[in-house]
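Right, one structure below, let's go through it.
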Amino acid sequence: MQTILGAGGQIAMELARELTGAHSTELRLVSRNPRKVNETDTVARADLLDASQTAAAVAGSDVVYFTAGLPANTALWEAQFPTMLRNALDAARAAGAAFAYFDNTYMYPQDNRVQTEDTPFAPVGPKGRVRAAMAAMVLEEMSRGDIPMLIARAPEFYGPGRTQSFTNALVLERLKDGKRPLVPVRDDKRRTLIWTPDASRGLALLGNTPDAFGQTWHLPVATEHPTYREFVTEAAAAFGREPGYTVLPKWLLSATALVSPLVREMRELLPRYRHDNIFDSTKFASRFPEFAVTSYRDGLGAISQSQ
């Protein structure tokens, strides 16, 4: 039995499809309002803020995936995320289950150094500090060695369905709606985005590879690192739109944050948009050379076809 905690988001949905399709595993989906992804899924209702509910949902599992998400709200992250993770870790340890933690890059330095699994944590804002503390919590459990554990880390998403990211909101959703894309801060700096189905396929593969545990992994990304100018141009072509866009300078974003919750919550990430932001997944590619990473052209084409 493999169990997905936080089964309502896009990553979890794609993970459920991959685990059933490629790994033929018995699967349990856990959230406050769980729904089956595959006909063979079982579902369990649980609030991860409740330790006893979490323990009951995890009981009998062989592998537990923590993919829980929260809205981009600093107060929620600070109040809820660490408790959710602690309950999940305790439940996995009690069940003797392996634990795969799906992580992001908020805790990394927001400068132009290439991000690898060895990049030190240097969070800039409160959400970054929350994610740094959570990753440290997992690393501490990993060092104890009571159960197999791994960290699977992803950069900013782009993708289909209910994918939530600043790039989806500012570029892809606006293109879908016939609006002009918006680019934060700079359009000439190189970026790495991960196609959400690739992130889920990579996470499923790691969770079913015994020697992947005990390590941190960067999930697989394309070797191209386009600028926003290149990305928006490619996206516009996929949607059959004109390639124009508007760059939002930092001063305007700071002012807009006074009235826009979305912009307010992305303020602590603005420094990364001033630099090349390159996420390296060479370690994953070396261990799993057969894994086919989706190109930006193919990913954007798939999104445009799904609208």
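Things to note:
- Scanning the stretch 202-224 for residues that are at negative phi, at pLDDT 95 or above and not in a strand (DSSP E or B) yields a total of 16.
- Checking each residue in the stretch 87-105 for being in contact with a helix residue (DSSP H, G or I) (Cβ under 7 Å, 6 or more places away or on another chain), surrounded by 17 or more Cβ atoms within 10 Å (Cβ to Cβ) and either of a type outside the set (S, T, Y) or free of Cβ contacts under 8 Å to residues at least 40 places away in the same chain (or both) picks out N87, A88, L89, A91, A92, A95, A97, F99, A100, F102, D103, N104.
- Selected residue (criterion: nearest to the chain's Cα centre (by Cα)) from residues of the stretch 257-307 that are among the hydroxyl-bearing types (S, T, Y) and surrounded by 15 or more Cβ atoms within 10 Å (Cβ to Cβ): S281
- In this structure, D111 qualifies as among the charged types (D, E, K, R), closer than 26 Å to A285 by Cα and either in contact (Cβ under 8 Å) with a residue 60 or more places away in the chain or surrounded by 15 or more Cβ atoms within 10 Å (Cβ to Cβ) (or both).
- Residue selected from the stretch 135-174 under the condition in contact (Cβ under 8 Å) with a residue 24 or more places away in the chain and among the basic types (K, R), by the criterion surrounded by the most Cβ atoms within 10 Å (Cβ to Cβ): R153
- Within the stretch 32-56, the set of residues being buried (at least 20 other Cβ atoms within 10 Å of the Cβ) and modelled with pLDDT of 95 or more comprises A46, L48, T54.
- Residue count for the stretch 64-81, restricted to those that are outside any loop (DSSP other than H, G, I, E, B), surrounded by fewer than 18 Cβ atoms within 10 Å (Cβ to Cβ) and not hydroxyl-bearing (S, T, Y): 5
- Odd one out for A199 among (1) over 14 Å from the mean Cα position of the chain (by Cα); (2) among the aliphatic types (A, V, I, L, M); (3) farther than 18 Å from L270 by Cβ: (1)
- Residue list for the stretch 231-254, restricted to those being without any contact (Cβ under 8 Å) to a residue 60 or more places away in the chain, out of contact with any helix residue (DSSP H, G or I) (no Cβ under 7 Å at 6 or more places or on another chain) and loosely packed, with under 12 Cβ neighbours inside 10 Å: W251
- Filter pass, A199 being part of a strand (DSSP E or B), crowded, with 24+ Cβ neighbours inside 10 Å and modelled with pLDDT of 95 or more: no
The values are calculated or read from the model by the stated rules, or taken from the named source; none is laboratory data. Treat the numbers as computed from the prediction; the structure is a model and nothing was measured. Heads up, the Cβs are rebuilt from the backbone with ideal geometry, glycines too, and the neighbour counts pull from every protein chain shown.
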